[in-house]
Amino acid sequence: MRVENNKYWDDISKYTSGEMSREEKEIFENLMKEAGDFELLNKVNEDLEKVNAVKEMYSDKVNKGWDNLYNRLNKENLIPHTEPKVRKLSNSILFKVAAAVLLIVGVTISGLYLFTKSGQNGMNYAQTEYNQKTVYLADGSVVKLNGNSKLVYPDVFNETSREVELVGEAFFDIAKNPEKPFIIKANNAEIKVLGTSFNVLAFKETELVEVFVKSGKVSVTPLENGNKSIVLQKGDFGKVQNKKASKDVLSDPNYMSWHSRKLYFVETPIKEVVEILNRSYACNIAINDTSINNYNFNSTYDNASLNTILESICTSYNIEKIEDNHRIILQNRHK
């Protein structure tokens, strides 16, 4: 499905402007995957974030510029004396226009220099809220961001190292380069690798940093307390907490479900099921009836959609789900 049909343009505009329902979004993403256009869709989303960042940076200046122009023209009697009307582009329209332009001309704005908090330029950021995103780095490494996460990374890595910053959770698949280590700054820890795949969890609300290694070898170092490092290998799980790094046992079968889409529920309380789904699908499910917390759920899923799982839960316990923007509410059906 190369985007030649007007309907596809309309669908892409709705997708990028957030006008699709969750079900419509899943159907559209599957359609793009089947057609081999999903990577293009991810690139468009990345570019649109940068467009939005620029819009946020300069919107005040643009509005002030229009006001100055209007006042000057009005002073020179070049505007008819009617009720003045000021038009502003909505986010939805801006995003639709941006999406169409980016797709038509195949332009990326990776050369656009955005400023980070440190004041350095040549940096990009990818940020998620109630969604997940795949980021392709300049060295060939791939990073998958979970919901409510942010990755800061350069256009091009320097000659001696590859360094990024993470807030939230991400799965890293790092391209091998023995001459140039890959370094992740996350909360109060530094994670250093040469080439491997692993998961990092490091939210700002807590100083806790967790690392699970899928393949290869990873060094985890607290940024304080004498920099005493631990080395994690395939299958190892490590933490940085209270300024100390330590190995631990990973007992949660659903810890990597957000990445693998494999879920295991055995007599699992619904409240816990909801917490797992919120993390695994970057969504916002809330329980509106405390009696639902007393139910236990049994099932396994492999690459199932969120809607499929919720329908299964609702059918099992006579629960209904209500969608309200980015929120899904579970409550008992009214008899």
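Annotations for the structure displayed:
- One compactness figure for the stretch 172-226 is 1.12, namely its Cα radius of gyration divided by 2.2 N^0.38 Å.
- Trypsin sites (Lys or Arg not before Pro) within the stretch 225-285: DSSP coil, no more than 15 neighbouring Cβ in 10 Å: K228, K234, K243, R261
- Using all pairs of distinct alpha-carbon atoms, the Kirkwood hydrodynamic radius of the stretch 266-335 works out to 12.2 angstrom.
- Rg/Rh for the stretch 159-204 (Cα atoms only, Rh after Kirkwood) is 0.96.
- Among the listed pairs K185/K271; K33/K150; K144/K247; K133/K321, those with a Cα-Cα distance over 30 Å are K185/K271.
- Each semi-axis of the equivalent ellipsoid for the stretch 123-248 is √(5λ) with λ an eigenvalue of the Cα gyration tensor; in descending order they amount to 20, 17, 13 Å.
All of the numbers you see were taken from the coordinates with simple rules; none came from a lab. Everything numeric in this text was worked out from a predicted model, so none of it was measured. Because the Cβ atoms are built from the backbone with ideal geometry, glycine has one as well, and the counts that use them run over all protein chains shown.
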